[in-house]
Amino acid sequence: MPPFPKDPRLMTPEELNGWVRSLITDRVPESTFLDYKQKPNIEGQKNRIELAKDVSSFANEASGIIIYGVPEEEQNGVPVPKALTECGFNMETGLPEKMENIILTVVEPTLPELTLRVIELEELKPKVLLLIYHPESWNKPHMVEGYEHVRFYRRGNFRAVPMSEKQVEACYMLRRSSQRHADMFFEN
């Protein structure tokens, strides 16, 4: 289970802001559940594929969060956030919607529980952070399928990594098993 205090979709803006602030100020390192990105970049196919890879890799594993607006540095070979005063970015109008549209267009099947939230910390204004969250998907595996790119990804320690054929097969078997259980439940 991911080390979140509770499901990020259920956090109030104040709870989410406080939690994200503590991740940065406590210099919580990147992990299989957490990824920091300095600034969103959705210009060009390569960057759009990278966005889809990162988000789908969390859905294909045990869930995860990407926080945009957090520059990082290495500490003992592990990426950790820089100081809060160095965080944030000036968000262009409509950016979360554009990012969501890319993810929903390029990832198949569609990610069922995608969440994007803007984080507004007083000490960063007018800059903001952007959080993208997806729990472990009940409909995995999800494939990045767009811009002549077709591949399944899972979350490694610090990045999205291609899934092996056996990992993809295991996800399909889990999906079929879950569907059978649901069918049996509704029949009874």
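K125 meets the conditions (1) within 14 Å of K53 (Cα to Cα); (2) open to solvent by 80 Å² or more (accessible area, probe 1.4 Å) in every case but one. The failed one is (1). Would you be able to say whether some residue in segment 27-48 is closer than 21 Å to E100 by Cβ, touching a helix residue (DSSP H, G or I) at 6+ places or on another chain (Cβ under 7 Å), open to solvent by 10 Å² or more (accessible area, probe 1.4 Å) and assigned to a helix (DSSP H, G or I)? Checking segment 27-48: at least one residue is closer than 21 Å to E100 by Cβ, touching a helix residue (DSSP H, G or I) at 6+ places or on another chain (Cβ under 7 Å), open to solvent by 10 Å² or more (accessible area, probe 1.4 Å) and assigned to a helix (DSSP H, G or I).
Scanning segment 138-154 for residues that are in contact (Cβ under 8 Å) with a residue 24 or more places away in the chain, among the aliphatic types (A, V, I, L, M) and open to solvent by 10 Å² or more (accessible area, probe 1.4 Å) yields a single hit, M143. Restricting attention to segment 159-171, the residues that are surrounded by fewer than 17 Cβ atoms within 10 Å (Cβ to Cβ) and part of a loop (DSSP other than H, G, I, E, B) add up to 2. Considering Y153, Y133, the condition of being within 23 Å of S22 (Cα to Cα), in contact with a strand residue (DSSP E or B) (Cβ under 8 Å, 6 or more places away or on another chain) and outside any helix (DSSP H, G or I) is satisfied by Y133 alone. Within the set E108, E61, E145, E122, the sole residue that is of a type outside the set (A, V, I, L, M) and touching a Phe, Trp or Tyr at 6+ places or on another chain (Cβ under 9 Å) turns out to be E61. Scanning segment 51-86 for residues that are part of a helix (DSSP H, G or I) and among the β-branched types (V, I, T), we see that the one that is least open to solvent (accessible area, probe 1.4 Å) is V55.
Here's the yes/no breakdown for (1) farther than 25 Å from P162 by Cβ; (2) under 13 Å from the mean Cα position of the chain (by Cα); (3) in contact (Cβ under 8 Å) with a residue 24 or more places away in the chain:
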| position | (1), (2), (3) |
| --- | --- |
| P5 | yes, no, no |
| L10 | yes, no, no |
| R21 | yes, no, yes |
| L34 | no, yes, yes |
| K37 | no, yes, yes |
| A59 | no, yes, yes |
| I67 | no, yes, yes |
| E72 | no, no, yes |
| V80 | yes, no, yes |
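Screening P135, P109 for residues that are buried (at least 16 other Cβ atoms within 10 Å of the Cβ) and of a type outside the set (S, T, Y) leaves exactly one candidate, P135.
The values are calculated or read from the model by the stated rules, or taken from the named source; none is laboratory data. Everything quoted here is computed from the prediction, not taken from an experiment. Reconstructed Cβ throughout: ideal geometry from the backbone, glycine too, with neighbour counts over all protein chains shown. Keep in mind that these areas ignore ligands, DNA and RNA; they rest on the heavy atoms of the full protein, side chains included. Shrake-Rupley method; radii C 1.70, N 1.55, O 1.52, S 1.80 Å.
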